[in-house]
């Protein structure tokens, strides 16, 4: 698996780009690969959360897979967006404790995270036709693989999204209506489709989880006619959900997660919590029937942590 992390040519595919994030400058690895035929522009990002390693590994694999330029258009791979978080082995940017995924399109003179995302958007996302954001379970999280898609109200983009649902071969998908001020709608109104893929858990980068990301990306690139593959057959998504709800930790304390299956029922216990002094033991109950997308697996619990995300 590790051979995929390195360029097979004498010159590196990636350049370390200096990004000013306020009090310091960080270097972000970026590969801009030109296809040998005209076509669309696709941006692939990994490491939006700094400790989600499957998406990072998959970004390097994909860059090397398309290094020959045997495709249409331009492929831009930003392997680790949140470099401060990656270095600190944590999901948010440690400089300001913010999650980059929540601050699109960013601000040129904002906080560290806002500056980072402004750079990403202004340099690569603006003008792209497709943005594929690769995620996974963080060091502290379990996860069921799924794709997250958005109904934006922009017909040309929504048609592509619905087509992908029929050809991705994915077992679990969230397809929700995006708000008028959301990232997905903002981009769709500018002709760019935004999709989010989740594969891998617990900060690992197992080959099967990396390859799942690669297969989903390859299918979507084929749909956008950036690569030539056999026409995908229609495959019904086994579990399709329209909404997501979150279970939050009500206090600092201890968290013991239960056994997470592919589906859970409303009223089912998903774990037990207690305060640090050992009091206040309480079962946490699923508020909806659906599927657990990701869940916290460590004993440490802080007030406001997402203990479980449930699609329904």
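Just so you know, all these numbers are worked out from the coordinates, no wet-lab data involved. The structure displayed is predicted, hence computed values, not measured ones. Methodologically, a virtual Cβ is constructed for each residue, glycine included, from the backbone with ideal geometry; neighbour enumeration extends over all protein chains shown.
Counting only the backbone N, which residues of segment 49-80 are under 16 Å from the spot 7 Å out from the Cα of residue 87 toward its beta-carbon?
Inside the label zone: 50-51, 80.
Kindly put 133, 305 in sequence by how many other C-beta atoms sit within 10 Å of each C-beta, fewest to most.
Result, fewest neighbours first: 305, 133.
Which of 12, 156, 136 moves the most in a Gaussian network model of the chain with Cα springs under 10 Å?
The residue with the greatest mean-square fluctuation here is 12.
How many angstrom separate the Cα center of segment 133-203 from the Cα center of segment 227-303?
19 Å
With 10 angstrom as the radius, rank 135, 118 by how many other C-beta atoms surround their C-beta, starting from the fewest.
Listed from fewest to most nearby Cβ atoms, that is 118, 135.
What do you get for the angle between helix 155-167 and the principal long axis of the chain? Use alpha-carbon atoms, 0 to 90 degrees, nearest ten.
Roughly 70 degrees, rounded to the nearest 10.
Looking at the chain as a GNM with Cα springs under 10 Å, which of 203, 35, 278 has the largest mean-square fluctuation?
Result for the chain, Cα springs under 10 Å: 278 fluctuates most.
Cα axis of helix 207-223 to longest principal axis of the chain: angle in degrees, 0 to 90, nearest 10?
50 degrees
Among DSSP beta bridges lying fully in the chain, give the percent that are antiparallel, nearest 5. Intermediate results must be reported in sequence, preceding the final value.
Details: 38 of 62 bridges.
That works out to approximately 60 percent antiparallel.
Just 115, 190, 212 to compare: in a GNM of the chain, with alpha carbon springs under 10 Å, which one fluctuates most?
In the Gaussian network model the winner is 190.
Would you mind checking the tilt of helix 53-65 against the longest principal axis of the Cα atoms of the chain, expressed as 0 to 90 degrees and rounded to 10?
Once rounded, the angle reads 10 degrees.
Using a 10 Å cut-off around each Cβ, can you sort 112, 274, 289 from fewest to most neighbouring Cβ atoms?
Result, fewest neighbours first: 289, 274, 112.
Computed from the coordinates I sent, Rg and Dmax of the Cα atoms in Å equals one of [x] 28.6, 114; [y] 18.1, 54; [z] 19.5, 65. Tell me the label.
[z]
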